[in-house]
Structures are given as structure tokens and as C-alpha cells.
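Undergrad: Can you read through this structure? Questions will come right after.
Bear in mind these aren't lab numbers, they're just calculated from the coordinates by the rules spelled out. Note that this is a predicted model, so its numbers are computed, not measured. With ideal geometry, Cβ positions are generated from the backbone for all residues, glycine too; neighbour counts draw on all protein chains shown.
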């Protein structure tokens, strides 16, 4: 399994010994298909071959195919025998063409789009969550494991054909979207490692397409380009649209190609066309207003994909049937069919996704996109508008390449399976012609748009070894270290690696030094920009969220217990893997270097920065006076007045303390934690202030480290166990910081409080006696905040609360807790931690019986359970949502509650406060 932190040193590729390599191998690990090409190192003609991949095409039938569908089918127990062929020994999953065939005839057993899940930031990439939306009877894998399984299959069948040339020993290039960020690239490398391939290189897919074209036109590149100066590579794959601009310069010899721009990550591709068609078919197949289940839609999607490919072909029939099979004994009798016509498919593909829009017609960020199966597809489906936005972002570079002319490229290279359709090829050509005042761009030929990436990866490996690299450009983005500007509403960054930096070139940030304390981590918040702009190393830049994108944080911790400080500088390198590597270099000894760890999971960011108050030193001194080694010499009354004293020193009530100030105060409290047990007042106040200063446990640099340190105190428990108020503060502390606790820690807390919430256990004499002291309501609120609990525990917890709520006298907070446990969108948990809609529906049935005018919290709980998230795997049925909405209106509930049920929307500050249970720190806006 992949830990949250991956050391970049482990990602640095190991150069394969060329003397032991017999082949160059290119692997296109696509969203829809995986393709492999290769060439023999000793072949003087350098011929590239397609590796036909042996795979299961039907139960018991194996055949070679040029494409390996990037899908897995998870059969039911006993569905397939062991001799069916190519079943994974670990989980009996079916890979290959047969998986697609079986998936189109089944419900909820097909894993698709693993590549897209690798770039999804709202899930744990190592958690077993696929197939998305399937029930507990279906075996599940993580996006990382699914990606690794396709590579492992390739390795297995390769070594069957070439037993004397293990794939691990060949020069392997795996392609990734140019838009993949450092997290997704690193996960791809990790998947390769899991498949037994540790020496791979990564290559951006649009560049691979261009390398294939260059190879096919070797010796005549200049003639074939015919004076074109700016090439747009538009690669529309299954899950992403990848855009790249390549400048062409002419001189002696062959033209010089330089990649000058890449697009930002755009989760929009052939899958979205399939989804649009599936929605059209669904509207004809469903009965009444009831939507199809996620499993049914998954099956329908496969049918629509097949229909799309056939109906967009040049020899397409007039129409194609789409059939939704029944389940169980109704497999045939329960099936329903409809037809998709050639005209319908072309209209959706052309007018919906490639309209002839204007160059100034940019993506509409407000409209909602097609969201299904948990993936955050682009809100704007029109690829045309995204191309326009891309060209506008890079207008200066484009005009410079075109010698001051219009910034619209004069050459076009299309790739991706959708461009097997000449209608789509002609549409993109017409789009650019319109933007170029009727002058059509030169269309570069690509006879095999589904194979070109793999071919190009081999071509790249050849060119690299022969030192004939055709495409320059280096790093696709500029990278910046975010620094505190001192301005509340602005962000500044210092450039640490300019766009265009070549592989292996080290850049030392000479004018920035950092004092790092041994034994404590420090995190660097980075941002990147692929837009125009010449930023030399060390340049100070004002940053905004439109042009600059936040990256997963990087952190470093020096081993040791002492509090000595090491003065370091940052060293940035663009690695051969295609990621940013940072090292801390000691100023006194440049040979001392520490790798900065790359954190795969993104944490929530602060959208507002705040300056620390000048009175901070006095405030810290006041805390140290109470919770310090010499605090025994201080007036005993100081602990009772500390909270008030801090407000006086800082000239602000606690509710106005900004997040940076709160975390600084927490640092002093953590340092004095061992002195919290001096008296019941010390303990009570320390628990109260610590939880208040660290809430919600995440969202600010180093919060994961702070929560980890705080958690070390949990096993020690309370000192003054007979003080009821101390128990209240104890539970409140852990509720406030629950978002910073990992799943194991949350399960430990739940295990400790479960017996007090379980109605049956709570009636036991010993438990009832403890309950009187420990505070039932506080424990319920804490339990509700444990969003990373296994779903089974959440269902059990919800069942206990529902049983308790049947009787009078249950605290109103139990309604809130029920809603928080069963919410469709979690406050800090992953999307796959949400309880299934049928369970939520059962809970809502009981909630609908309550009087929401007399018990508004029951209405709020129903709001969270029915909240719309536009993910069919998490949303409740529309008819049930309408019932909840109707009752909210009758109860005259807050308009904001009704909006949350009626449409998908982000929470505002007051709504976040309701969900969290209290106000969040000022300035902390969770993104």
C-alpha cells in the first residue's frame, strides 16, 4: 500500500543498463485502453512493432488483441471457473476484452477509469473503492491497484513471449497526460513499481503523439510542416482532454521543435460523450421519474460506448440498439431496449462537445457538469471552449511563435480514439479555421489515433538514447514557493523552478534561507503555473487562483530529539520522471542534503492569510507561565484567568483569533502539555484551549503533524476522572480535531465510547454509573465527527441513535449527529466513507415522521441525509429528495437548507458552522 508520503528519492528512476536491454518498450496506460509497442535495440532499421496483448475475449477463450481495455470485471462467486483464463490469482478479476463484454451484461462489477481516479483529490487512491457504487458483495480494489493490475498483466504476457528479456530489464516508457500533476505522476510510477517495473520513464502523451509523427516523417519533417510555426496537439482520450503547444523554428537541418505550453488538468473526454448518451438512453428506459441505479447505469454506459464507436464510424448504420439487461432470474425477461440513431450521436458529439464556438467564448464555470460515478468531470462539456481558454492563456507565447500574428496555431495534430471519426476531425479543423479567418490549419496525419501514443513512446526512447531529442521544452510549468506576504488577501510566491528547466538541472535558491528545527517537520506550500510569464529563479510574484494552482504540499523532518536548528537553502530539480524534486541543502555544508517528501493526498488550503499580531510574544509568555516548567512559582489564580488574560493581551475575543495565531498558541500549549495535570483547572483549561486552537484539525500547514503529536496524549487519558467538566473538555477536544485524526485513531476513539451510546450496553449498571460522569451528549457529538469510521460502524451508530430518538428525553444534538453520520457530503472524510443511499433512505423514513417545526434539528439531519451531490452512488432517489424538500418548505426551514437538497452547492460559512458543530477559525475557508 502507498503511504501518504512518498520519498521523491525513491521515485528517481534507475537507469537501466543498456547492455542488458534488448528492447525499447512504450506503454500507453490509457483511461479506456492500454497499448504496448516495442522495437529491438539491435534492429538497424529501428522498426516499431505493436505488441498484440494476449487476453481473455470470452470465458475460456484467449486471443491476441492490439488494445487491452483498461477495465477489470469482478465476477460473482462461482460465476467463472479457474480455467476461464487470465484470472488474477489474488482476486479472480477478469482483465481484457472479456471484462468489457461481461461488464456490459452485469451490474456494478466493472472497474473503469482507474486513471481518472488517480487524479481525483477527494478520495484515498490506496483505498479499495472500485467498482464505484457497487454493493458490499462485490470485491473492490483501489485506483492504484487497478492501474498496477493492467501493467502487471502486460508484464506477465510480455515475459511469456520474451522469456529471455524480462520487461523489468528493458527500457520502458509509460505515458501520462501532460496535465497530470506531481501527485498523479508519482502514483503512476508507484503503480509501475507494484507491477514489478521500477526503472520506467514518464512521457507526456501529446509529446508522444508528436514523436510518432516525427518518426513517420523522418527526413521530410520540414517539407511536411510546410512553414507552419505553431502546432496544437489536441489529444482527447477517454478521461481527459490534453492540450499542448509546440513552437516550430527553421534553420539549418531539420526544424527545431519546442514545447511551450501545456493545458491544465481537464477531466473531459470520450467517457463524457458516453455518459451523455447513457443519460439519453436512460430517459427512454426508465419508468416514471425513478433513475437507474449506479450499477444499471454502469452497464448502460458500456452499451452506449459500443454504440458511439459504431455510429461515429464512416460506415455507420442508421441506428444501434442499446439493451439494459435484468438481474438474477429476470436476466432476459427483465431486459429493456431502446435505439440510438447515428444523427443523435453525431449531434451530441459535435454540437454538445465540439460546437463551432467563438474564440472569445470561454468555459462557463457556473453551469454544472455531467457528474457520475464519483468523478469530478469538467463543468463545461464544450471542448471547443476549453481550447479557446487554453489559447488565450498562452496568447503571448503563441503570438511570439507566429511572429506577431493571431495566436491561433497554424498546424494541428489530433489524437485519441474519438478522432477515428472523420466528422470529429473535420469539426476541430473547421473550428480553428474559423478562428484563423477562414485559413485552415495544416492537419498533420495520424492514421492510428488510438495507437500513436505507444508508438511515440518508443520513438522517444530511441531518440533519447541516440541523443537526437526532437522536442525541447523541459518543465511544462513554473513552480513557486508560497511565502507570507503580510497582506491578508494576497498571496506571493518566489519562483524556485522556471518553466522550460531541463531534466536534471539543479537550481539553488540562493537568496532564501530557512531555519529548520531538528525533530520537527516543516511544510512547503507550492504553486505552479503553466501560463505565459518569464519568471527567473528567485523572482517574487503576486499569485491568484486563476493562473496559479496549488500543489500537494511537500514536507521535510530532520531526525533527532534536540531542538537545534539547521540553516538550509532549497534546491529544485526537474527530475527525469517529470516531477519536481526538492532538497534542503545545509548552508554550512553543501554535501548535507535532505530529500523533501512529497505528500500524495492534498490537504485543504487556506484561502485567506493573516498577519501574526505584534502581541504574540506576550501571549506565548503568558501560556508558558501557566503551562511551563516554572509555573509553580506563578500565582495559582493565573490558570483561572488565562483565557481572559490572553484576550486582553491580544486585544480581541477568542472568536476573532485568526488561524495562524491559533496555531502559534497551540504550539505553546503542546510544549507545555506535560504540565496540564498540575490541577483539575490546569487540565480543564489546557484541553479547552488546545482543541480551540487546533480546530478542525486540518487546513493549515503542518496540521497533520500537530494532530499526530496531540494524539500521543490520548492513551494517557484524563488525570482528574471525577471532574465532570474535565470529561466534557476531553470529548470536546477530540471532536474539534477529529478531522486531523487518521482512520485508526478514529476507530480507537469510537471503540472507547461505543458502549455508552449503544442503548443495550448503556443500561448495564457499571456503564450507567460511568455515563453520569462522562457526559453522554458530548460523546454522541464526538462520535458524529468520526467521519473516517468504516461504513459498518456508522450504520451501527446510526441505528443506535434512531432507537434512542424513538423515546422522549433524547438530546436534540442526537438529530444533528444522525445527519452528520449519514451525510451525503462529508466535512473531512473521503467520498467513499459515505453510507449507501438505501441506508440513508431508511433513516429518512424515520426522520420524516418527526415534527420538524417542533424539532428543527430533525429537519437539519434530513437536509444532510438528502443533500444533493450529483453523484449517483451517493445521492438518494429523486422522489425521496422531493419529499424531504416538500417537508422542509412546510416546516418553513431555512432557505439555505432547502437549497442544499434542491441543488448541489458549496457550503457558506454559516452552513459549515452548522455541520462542524461550532464556528471555524476566522480566515479558514476549506477548499
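Undergrad: Could you compute the FRET efficiency for residue 433 and residue 306, with r as their C-beta to C-beta distance and R0 at 35 Å, rounded to 0.05?
TA: After rounding, the FRET efficiency stands at 0.60.
Undergrad: Please compute the length gained on full extension between residue 515 and residue 164, using 0.36 nm multiplied by the number of residues separating them and subtracting their Cα-Cα distance.
TA: Difference between extended and current length: 121.1 nm.
Undergrad: Moving on to the next point. In what order do 120, 386 fall by count of nearby beta-carbon atoms within 10 Å, going from fewest to most?
TA: So the residues, fewest neighbours to most, are 120, 386.
Undergrad: Taking only Cα atoms, what is the 0 to 90° angle, nearest 10, from helix 205-216's long axis to the longest principal axis of the chain?
TA: On a 0 to 90 degree scale, this one is about 10.
Undergrad: Here's a follow-up. Could you order the peptides 278-284, 751-757, 127-133 from most to least packed, using the average number of other C-beta atoms within 10 Å per residue?
TA: 127-133, 278-284, 751-757
Undergrad: On a 0 to 90 degree scale, rounded to 10, what angle separates helix 813-822 from the longest Cα axis of the chain?
TA: In the chain, helix 813-822 runs at an angle near 20 degrees to the longest axis.
Undergrad: Defining a contact as two alpha carbons under 8 Å apart and six or more residues distant in sequence, what relative contact order in percent does the stretch 769-927 show?
TA: Relative contact order comes out at 20 percent.
Undergrad: Let me ask something else. For the pair residue 593 and residue 904, what calculated FRET efficiency results from E = 1/(1 + (r/R0)^6), where r is the Cβ-Cβ distance and R0 = 56 Å, to the nearest 0.05?
TA: Plugging the Cβ-Cβ distance into 1/(1 + (r/R0)^6) gives 0.75.
Undergrad: In what order do 525, 217, 439 fall by count of nearby beta-carbon atoms within 10 Å, going from fewest to most?
TA: So the ranking, lowest neighbour count to highest, is 439, 217, 525.
Undergrad: Taking square-rooted eigenvalues a ≥ b ≥ c of the alpha carbon gyration tensor, is the stretch 772-927 rounded, prolate or oblate, where a/c under 1.5 means rounded and, failing that, a/b exceeding b/c means prolate?
TA: Rounded.
Undergrad: Right, something else. So how far apart, in nm, are the two label points at residue 351 and residue 567 if each is 7 Å from Cα heading toward Cβ?
TA: Label-label distance for residue 351 and residue 567, simple model: 6.9 nm.
Undergrad: Sticking with this one: Take the alpha carbon gyration tensor of the stretch 437-477, find the square roots of its eigenvalues, order them as a ≥ b ≥ c, and report rounded if a/c is under 1.5; if not, report prolate when a/b exceeds b/c, else oblate.
TA: Oblate.
Undergrad: Say each of residue 92 and residue 341 gets a label point 7 Å from the Cα, pointing the same way as Cα to Cβ; how far apart are those two points in nm?
TA: 4.6 nm
Undergrad: Can you give the angle from 0 to 90° between the axis of helix 659-671 and the longest principal axis of the chain, with both taken from C-alpha atoms, to the nearest 10?
TA: Rounded to the nearest ten degrees, it is 60.
Undergrad: Can you give the FRET efficiency for residue 220 and residue 395, using 1/(1 + (r/R0)^6), R0 = 30 Å, r = Cβ-Cβ distance, to the nearest 0.05?
TA: Plugging the Cβ-Cβ distance into 1/(1 + (r/R0)^6) gives 0.45.
Undergrad: Sort the stretch 603-741 into rounded, prolate or oblate with this rule: let a ≥ b ≥ c be the square roots of the eigenvalues of the Cα gyration tensor; rounded if a/c is under 1.5, and if a/c is not under 1.5, prolate when a/b is larger than b/c, oblate otherwise.
TA: Taking the square roots of the gyration eigenvalues as a ≥ b ≥ c, the stretch 603-741 is oblate.
Undergrad: Right, another one. Order of 350-357, 807-814, 71-78 by packing, highest average Cβ count within 10 Å first?
TA: The densest-packed peptide leads the list: 71-78, 350-357, 807-814.
Undergrad: Hey, another quick one. Separation between the residue 742 and residue 442 pseudo-spin-labels, each 7 Å from Cα along Cα→Cβ, expressed in nm?
TA: That separation, rounded to one decimal, is 5.5 nm.
Undergrad: Quote the relative contact order of the chain in percent (integer), defining contacts as alpha-carbon pairs under 8 Å separated by 6+ residues.
TA: Computed value for the chain: 10 percent relative contact order.
Undergrad: Sorting check: for 396-404, 33-41, which peptide has the highest mean count of neighbouring beta carbons within 10 Å, and how do the rest follow?
TA: 33-41, 396-404
Undergrad: Further question: If every alpha-carbon in the chain counts as one equal scatterer, what log10 I(q)/I(0) does Debye give at q = 0.09, 0.10 1/Å?
TA: For the chain at q = 0.09, 0.10 Å⁻¹, log10 I(q)/I(0) is -1.05, -1.27.
Undergrad: Here's something else I'd like to know. Starting with the fewest neighbours, write out 221, 901, 418 ranked by other beta-carbon atoms found within 10 Å of each beta-carbon.
TA: 221, 901, 418
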